[in-house]
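Working notes, structure below.
The values are calculated or read from the model by the stated rules, or taken from the named source; none is laboratory data. Nothing here was measured: the structure is a model prediction, and the numbers come from that model. Note that we place each Cβ from the backbone using ideal geometry, even for glycine, and neighbour counts take in every protein chain shown. These accessible areas exclude ligands, DNA and RNA; they are computed on the full protein's heavy atoms, side chains included. Shrake-Rupley method; radii C 1.70, N 1.55, O 1.52, S 1.80 Å.
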Amino acid sequence: MKNLIYVVVKWLCSMKSINKGTILIIESSFPSGSNTRPLVQPLQQDYVVDVYPSEEIYFDRHTIIDYIKYISALLNMSSYELIISSHGVKKLNPKQTLIQLWHGIPLKSMMYMENDSRIYDADGFNIDYLITSSKLESTLLAACMHIPFANHQILGSPRTDYLFQQKDNDITDQFHDFDKVLLYVPTYRSGYQNRVEGEDALDLILNEQFIQFLEENSYLLIVKLHPLAEKEIQTIHTRHIMFLTNEKLQESDLDFYQVLPHTNLLITDYSSIYFDYLLTNNPIVFINQDLEHYSKVRGFLLEPYEDWTPGDHVASTEEVIQAIQQAFDQDDYTSERERLKEMFIYHQDGRSVQRVVNLVEEIMKK
């Protein structure tokens, strides 16, 4: 029955007339590193631009009213001339053009490159333009999405433009009281159908030993968790640790990437943020205490893991502290980070937004 409804809705959407000069931006990541938000203001100068949070279109449906709202949202979505997204959106009207920005250079396996065939999309992706940062990223995403390279545009990730704009704001004003600002960003470990993909390393850095290390060195640690994980952690009351939540960022009308250029070191594990962070030329420490489990359950596109992660690999509080001290005393990974940056990020000029805007202008002229 659901398949029949989908076929009917898809047909209805395909019959919708297009409103010329209109753009729909589907927002899925703000304020946690949005690729779409930086485009809104530049595009609004010449086009009618509407921004819909993804949850207003894609949401759990349990009642008839839910399905009516969902179908109405899809029909409305199908009248725009151009759709811009950063997640797995499909267009249902073939007269439309869909630009997929995606939301990070992938390290871990996803979609068609996962071992679990239940994740594969039988319908496929109907992307007209897939925006990437390099030929290498295009190769990875082509394997994951089955999008031919003829549909790729190596223009860069719009959100990385923020990394070239070190402007103080309500949040970063607080950083001036500290000698260094460290950043901890773990990957989200709840996968398909609540699959548990290892364990994060919060207990390695949210303890008395690490807090003492921060206090002795006048360091501030910024903790940015996935929005779905923010409520799972209890805030620790110390001025040396700041939990940067979506709520706090939204109060300041800031995207997380506007904070990145004000930090001095990144601590992460398997999150794609470290590829973008290469643009800061700052050191990176990788916590991989659950590497074997994560590799088995989720897997990686790039192996061996150690060859693609330019920084010390640690698995205990003592090792984290030692790696941070070593990174500030004598950074041994400068050349390795530079090598990977050249491989993964073709444009390093902070003008990715303008390149995407130029592409939009070409599309709309056609």
- Looking only at the stretch 126-156, which residues are out of contact with any Leu (no Cβ under 7 Å at 6 or more places or on another chain), in a loop (DSSP other than H, G, I, E, B) and in contact (Cβ under 8 Å) with a residue 40 or more places away in the chain? Ser133, Ser134, Gly156
- Task: Would you mind finding the one in Glu318, Glu303, Glu342, Glu338 that is within 25 Å of Ser190 (Cα to Cα) and among the acidic types (Asp, Glu)?
- Result: Glu303
- Filter the stretch 193-238 for residues that are open to solvent by 20 Å² or more (accessible area, probe 1.4 Å), closer than 23 Å to Asp290 by Cα and charged (D, E, K, R) and give the result. Arg195, Glu199, Asp200, Asp203, Glu208, Glu230, Lys231, Glu232
- Residues being in contact with a His (Cβ under 9 Å, 6 or more places away or on another chain) and part of a loop (DSSP other than H, G, I, E, B): count how many of those fall in the stretch 168-191. 8
- Item | Condition met for Ser190 (open to solvent by less than 50 Å² (accessible area, probe 1.4 Å) and among the small types (Gly, Ala, Ser)) | no
- Read through the list (1) crowded, with 16+ Cβ neighbours inside 10 Å; (2) in contact with a Phe, Trp or Tyr (Cβ under 6 Å, 6 or more places away or on another chain), then give the number of the only condition that Gly350 fails. (1)
- Task: Would you confirm whether any residue within the stretch 331-343 is under 30 Å from Gln41 (Cβ atoms), open to solvent by 50 Å² or more (accessible area, probe 1.4 Å), at pLDDT 95 or above and within 19 Å of the chain's Cα centre (by Cα)?
- Result: no
- Note on the structure: For the stretch 282-324, the count of residues that are touching a residue at least 40 places away in the same chain (Cβ under 8 Å), of a type in the set (S, T, N, Q) and either in contact with a Leu (Cβ under 6 Å, 6 or more places away or on another chain) or not in a loop (DSSP other than H, G, I, E, B) (or both) equals 1
